[in-house]
1. Go through the residues of region 157-164 one by one and say whether even a single one is out of contact with any strand residue (DSSP E or B) (no Cβ under 8 Å at 6 or more places or on another chain), in contact (Cβ under 8 Å) with a residue 24 or more places away in the chain, open to solvent by 30 Å² or more (accessible area, probe 1.4 Å) and in a loop (DSSP other than H, G, I, E, B).
2. Condition check: free of Cβ contacts under 8 Å to residues at least 12 places away in the same chain and in contact with a helix residue (DSSP H, G or I) (Cβ under 9 Å, 6 or more places away or on another chain). Does Asp61 satisfy that?
3. For region 215-252, give me each residue that is surrounded by fewer than 20 Cβ atoms within 10 Å (Cβ to Cβ), within 15 Å of the ligand (Cβ to nearest atom) and either of a type in the set (Ser, Thr, Tyr) or within 16 Å of the chain's Cα centre (by Cα) (or both).
4. Is there any pair with a first residue in region 223-237 that is part of a loop (DSSP other than H, G, I, E, B) and a second that is of a type in the set (Val, Ile, Thr) whose Cβ atoms are under 7 Å apart and which are 6 or more apart or on different chains, and what are they?
5. Considering region 192-209 alone, what residues qualify as being more than 11 Å from the ligand (Cβ to nearest atom) and either among the hydroxyl-bearing types (Ser, Thr, Tyr) or under 13 Å from Trp324 (Cα atoms) (or both)?
6. When you scan region 124-146, do you find a residue that is within 16 Å of the ligand (Cβ to nearest atom), open to solvent by 10 Å² or more (accessible area, probe 1.4 Å), among the β-branched types (Val, Ile, Thr) and farther than 24 Å from Val89 by Cβ, even just one?
7. What number of residues in region 166-214 are out of contact with any Phe, Trp or Tyr (no Cβ under 9 Å at 6 or more places or on another chain), open to solvent by 20 Å² or more (accessible area, probe 1.4 Å) and either of a type in the set (A, V, I, L, M) or assigned to a helix (DSSP H, G or I) (or both)?
8. Output the residues belonging to region 289-340 that are open to solvent by 30 Å² or more (accessible area, probe 1.4 Å) and hydroxyl-bearing (Ser, Thr, Tyr).
Amino acid sequence: MRVLLTGGAGYIGSHTALALLERGHEVIVLDDFSNSHIEAVRRIELVAGTDIPVITVDLSDREATLRKVDCDFDAAVHLAGLKSVVESVAQPNRYYRVNLNATLVLLELLRERSVSNLVFSSSATVYGPPVNSPISEDHPVGAGLTNPYGWSKFMSEQIIRDTQRIRPDLAATLLRYFNPIGAHTSGNIGEDPTGVPTNLMPVIAQVASGRREKLSVFGGTYPTPDGTGVRDYIDVMDLAEGHVAALERNTAGVRSYNLGSGVGVSVLELVRTFEEQSERRIAYAIEGPRLGDLAEVVADPSRAADELGWRAKRTLGASCRDYWNWQVRNPYGYVSEHVSR
Ligand code: WQD
């Protein structure tokens, strides 16, 4: 299939582009490069050995998008959007305007082009504070959300559901990510956070590389095995392959799937695993809990296994090894000149 990949130069997007190409699909990257780098596309071309058409546009800009997307495509994978929980609290208007308009514009484009296959990048944040764990897709959504980022994902899911009601041919798959980590084994693409990262993995990697003195562990007295927060870390290439499986599902209607490993890992367990893989010590100090944080967020990924034939394959150690490999080869992300051949 010829796939329009919005946000295709980002962390998840670049890995999804590779997984699509490896599966024999064609990819068109649509990105405004506000939080990504054109070098990521060049790296994907290097790894995949193929040229990738790029449409540079802000998807939330309706006029520009409808004008600039002048190519045919069979399906869309929609990842373009703002994604920082912390930033969304400080900039609610921007997050709702960008994330909701991006979804609305894309749905209009799909209708105009009679494209009926859509995979949407949603998030475990739509579940709010878990009533039970592990979390299945039947868990309530939209209750107790604490940030505009999470609300924008929940609202986008609702927009897609309401659109499908008037477009019965629309096959929409909502992928609820848990915590993506890792990098492609080539070390040529990876997470390249702009500004000061707030997610655990990039912070650990910055401590390991000496860019940051120590890790602040947010909370040490949670009701978890070692008192630190437990999350479901999913390798980014497993996540990318989940998008390919969702795309090939292509069944009319709307269906959500958790993309997680189903295994809970604490902050200190991740630190120890990263230390083993990088052979670097991660200095840390246990501090008070972060506002809005939850003790445990772990997926029940059985629906994706049963219906998509997808499950996480890569180990936590492999994800840490590959993330560190990316970090060592690209200490300052895509701006560095080093490209491994
Ligand atoms: C993980 C754990 C922290 C930083 C993320 C994204 C959200 C969504 C879900 C995609 C927690 C602890 C962190 C640090 C720490 N992803 N931590 N010190 O909060 O689960 O949410 O995944 O939609 O967008 O934000 O991820 O990496 O911030 O935190 O102790 O410096 O690490 O308390 O237990 P989180 P995170």
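1. Checking region 157-164: not a single residue is out of contact with any strand residue (DSSP E or B) (no Cβ under 8 Å at 6 or more places or on another chain), in contact (Cβ under 8 Å) with a residue 24 or more places away in the chain, open to solvent by 30 Å² or more (accessible area, probe 1.4 Å) and in a loop (DSSP other than H, G, I, E, B).
2. The answer is no for Asp61.
3. Ser216, Thr221, Tyr222, Thr224
4. Every condition considered, the pairs that remain are Thr224/Val230; Gly227/Thr221; Thr228/Val217; Thr228/Val267; Gly229/Val267; Asp232/Val263; Asp232/Val297; Asp232/Val298.
5. Hits for region 192-209 are Asp192, Thr194, Ala205, Ala208, Ser209.
6. So far as region 124-146 goes, no, none of its residues is within 16 Å of the ligand (Cβ to nearest atom), open to solvent by 10 Å² or more (accessible area, probe 1.4 Å), among the β-branched types (Val, Ile, Thr) and farther than 24 Å from Val89 by Cβ.
7. Selection size over region 166-214: 3.
8. Ser302, Thr315, Tyr332
The values are calculated or read from the model by the stated rules, or taken from the named source; none is laboratory data. This is a predicted model, so every value here is computed, not measured. Counting neighbours? That spans all protein chains shown, and the Cβs are built from the backbone with ideal geometry, glycine included. Remember, those area values only see protein heavy atoms, side chains included, never the ligands or the DNA or RNA. Shrake-Rupley method; radii C 1.70, N 1.55, O 1.52, S 1.80 Å.
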